[in-house]
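Notes to accompany the following structure.
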Ligand SMILES: Cc1cc2nc3c(=O)[nH]c(=O)nc-3n(C[C@H](O)[C@H](O)[C@H](O)COP(=O)(O)OP(=O)(O)OC[C@H]3O[C@@H](n4cnc5c(N)ncnc54)[C@H](O)[C@@H]3O)c2cc1C
């Protein structure tokens, strides 16, 4: 769709180019969300791709994903020795059912910034305890834990002139075992619930609930909890919501079912690992 009120697009090459951002001038990443709806309040866009940020950078302490990395690029993340969490990347990328056109332009940062409950890059970042580097409009940098970034249905901690720069996934999370479940009301429909479990090498278990709740919910335990403990804590979640992609009571039931499946799967892999050590 044409954004007919937009009169200028700035190609950002240095951070000072972001000074143009504000209520009527917004960052442009892949455009798959921006160009999907009329936005009569917009007068300008600042294209982030011209920064030329490398999509994926492996560092000594983990993986850095540029905000402009596309979902297609992330889905091809090469496997490295010891990265037990590697399959979770592909699972989360494929949780976004768009055509190949959407997959090839939609970015990780755009997905987080859009902050739909069914944002699969939100699931990925929260599940892997990622930290998000935010370039604040006043020129400062802020590192925000992914679990605190999304605050509600399409709301987050970004101010109008802020930019999400990158997502850092710590090495400990890359080395963790993961389990993943997703459900939707129809085979190609938007996710009604997406849950991911992380079992760190030190035994810590983290369950992330997304798509079924208004914002991501993380449950964290020093070791795998008993089924009843996990069920009690999932039941206590207070932000299940209803929309065209599922009713709140169905989402809560799916949270309980899929959360237990994840717990049981990771309990199985923990037993397996113990047997082989
Ligand atoms: C057919 C179809 C299916 C879709 N399915 C899903 C789905 O299942 N789940 C889902 O979550 N979304 C879905 N979307 C929405 C959208 O495609 C994705 O959220 C996508 O990841 C957005 O990324 P983008 O790079 O295209 O963002 P853009 O459209 O470029 O930007 C989206 C918003 O984020 C802002 N923004 C972008 N990058 C940054 C940044 N680095 N810092 C600050 N602000 C930024 C923009 O200003 C804009 O407000 C779908 C869209 C289509 C058309």
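Please treat every number below as a calculation from the coordinates, not as lab data. Keep in mind that what you see is a predicted model, and the values were worked out from it rather than measured. Glycine gets a Cβ as well: all are built from the backbone with ideal geometry, and neighbour counts include every protein chain shown.
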Volume per residue, Å³, of the convex hull around the alpha-carbon atoms of region 103-228?
-> 123
Asserting the computed 222 nm helical MRE of the chain (DSSP H runs at least 4 long, -39500 (n - 2.57) per run, divided by residue count, to nearest 500) equals -8000 deg cm²/dmol
In whole percent, what relative contact order does the chain give with Cα contacts below 8 Å and a gap of six or more residues?
-> 15
Sequence of 180, 221 once ranked by neighbouring C-beta atoms within 10 Å, starting from the fewest | 221, 180
Can you give the relative contact order of region 176-276 as a percent, counting alpha carbon pairs under 8 Å and 6+ residues apart?
-> 27
Would you kindly state how much longer the chain becomes between residue 24 and residue 243 on full extension, computed as 0.36 nm times their sequence separation minus their alpha carbon distance, in nm to one decimal?
-> 76.0 nm
Note to self: C-alpha centroids of region 205-220 and region 44-78 sit apart, in Å, by 24
For region 19-126, report the translational diffusion coefficient in µm²/s to the nearest whole number, using Stokes-Einstein at 10 °C, 1.306 mPa s, and a Kirkwood Rh over Cα pairs.
-> 107
Find the relative contact order for region 108-187 and round it to a whole percent, using C-alpha pairs within less than 8 Å whose residues are 6+ positions apart.
-> 32
In nm, give the distance between the simple-model label positions of residue 153 and residue 261, each being 7 Å from the Cα along the Cα-to-Cβ direction.
-> 2.5
Could you check what % of the DSSP bridge pairs in the chain are antiparallel, to the nearest 5?
-> 85
Where only C-alpha atoms are counted, convex hull volume of region 176-276 per residue in Å³ = 92
The chain: radius of gyration and largest Cα-Cα distance (Dmax), Å | 18.9, 64
Among 24, 7, which comes first, second and so on when ranked by fewest other beta-carbon atoms within 10 Å?
-> 7, 24
Between residue 7 and residue 79, the two model label points (7 Å from Cα along the beta-carbon direction) sit apart by a distance in nm of 5.5
Arranged from highest to lowest average of other beta-carbon atoms within 10 Å per residue, in what order do the peptides 118-131, 63-76 appear?
-> 118-131, 63-76
Expressed in nm to one decimal, what extension gain is obtained for the pair residue 37 and residue 17 from 0.36 nm per residue of sequence separation less their Cα-Cα distance?
-> 4.6 nm
